[in-house]
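Read the structure below first, then the notes.
Each value in this text was obtained by applying a stated rule to the coordinates, not by laboratory testing. All figures in this text were calculated on a predicted structure; none of them were measured in a lab. Counting neighbours? That spans all protein chains shown, and the Cβs are built from the backbone with ideal geometry, glycine included.
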Amino acid sequence: MGIQISPSLLASDFANLASEAARISHADWLHVDVMDNHFVPNLTLGLPIVEALGKASSTPMDCHLMIEDPDRWAPAYVEAGAKSVTFHVEAAAAPVRLARELRALGARAGMGLKPATPIDLYEDLLPELDMLLVMTVEPGFGGQEFLDMCLPKIRRTRELVEKHGLDVWLQVDGGVSLETIERCAEAGADVFVAGSAVFKADDPNAMVDALRDAAERA
Ligand code: DX5
Ligand code: ZN
């Protein structure tokens, strides 16, 4: 599939989500951060807004669920129109069952790891997943500084995906910008979330193109 860019709407103008989504037509995905004020200390949006966004935008939605009890809530995001749904392993009671349920509903199943969560514990789960998300900041807020300490985990995840001959995408999220994207790509990431870098740029589509070029060059 190659390099893909998934701008995070978290850094956009929440009073104008549909027109903000339309500014990133060059992107592969629209990254939608769902936060519940429990799994992370911030509250964003949920099912009704995701459903409305899906109707308003032609870019497929990549829903990143930073919520407790994803076992209960994640499948509904597929029904609301998400083509990819990522739950956090730290919050899931039964990640295998949940990933299978998401796939059975027709979505790509993603699993996220916070910076302190190691990948090695989850090697055997990789065949159940379409995407592994390595957070490169503590989840909860945009505009945080990229954590270089996560690079070895990106590298390790890429090794494990290759060792098993899998086609699991490797997404990075948090502090991704023109400054940091090459490091992530070089370590083996192939799906790049960027919030502030894209939506605080004068021309978000031009930034999407520049990020893609930088990742492809790495
Ligand atoms: C943070 C979210 C990110 C956030 C990234 O918890 O998961 O998707 O929007 O924002 P930047 O790119 O500004 O770090
Ligand atoms: Zn995110």
**Prompt:** For residue 104 and residue 217, what is the calculated FRET efficiency with R₀ set at 45 Å and r taken between the beta-carbons, to the nearest 0.05?
**Reply:** 0.70
**Request:** Could you please report the charge total around residue 91, scoring K, R as +1 and D, E as -1 over all other residues with beta-carbon less than 11 angstrom from its beta-carbon?
**Result:** -3
**Item:** Those residues of segment 50-78 whose amide nitrogen sits under 20 Å from the label point placed on residue 94, 7 Å along Cα→Cβ
**Value:** 67-78
**Prompt:** Among 181, 49, which comes first, then next, by fewest other beta-carbon atoms within 10 Å?
**Reply:** 49, 181
**Item:** Footprinting exposure proxy for 184, 150 (fewest neighbouring C-beta atoms within 10 Å first)
**Value:** 150, 184
**Message:** Could you identify which residue out of 194, 15, 80 has the top mean-square fluctuation in a GNM of the chain using Cα springs shorter than 10 Å?
**Reply:** 15
**Message:** Along the Cα→Cβ direction, 7 angstrom out, place labels at residue 178 and residue 19. What is the inter-label distance in nm?
**Reply:** 2.6
**Fill in**
Per the C-alpha gyration tensor (a ≥ b ≥ c, the square roots of its eigenvalues), segment 47-144 is rounded if a/c is under 1.5, else prolate if a/b beats b/c, else oblate; here it's oblate
**Message:** Less than 11 Å Cβ to Cβ from residue 24, Lys/Arg counted +1 and Asp/Glu -1: what total charge do the surrounding residues give?
**Reply:** -3
**Message:** Tell me whether segment 154-194 comes out rounded, prolate or oblate; compute the Cα gyration tensor, take square roots of the eigenvalues as a ≥ b ≥ c, and use a/c under 1.5 as the rounded threshold.
**Reply:** prolate
**Sum of -39500 (n - 2.57) over DSSP H runs of 4+, divided by residues of the chain (222 nm, nearest 500)** = -9500 deg cm²/dmol
**Asked** So for 129, 102, 178, fewest C-beta neighbours within 10 Å to most, what's the order?
**Response** 178, 129, 102
**Request:** Compute the label zone of residue 116 within segment 143-170: residues whose backbone N is under 20 Å from the point 7 Å along Cα-to-Cβ.
**Result:** 144-154
**Complete:** The summed charge of the residue 134 Cβ neighbourhood (under 12 Å; Lys/Arg +1, Asp/Glu -1) stands at +3
**Item:** Dipole magnitude (debye, nearest 20) for segment 76-218, charges at Cβ of Lys, Arg, Asp, Glu
**Value:** 340
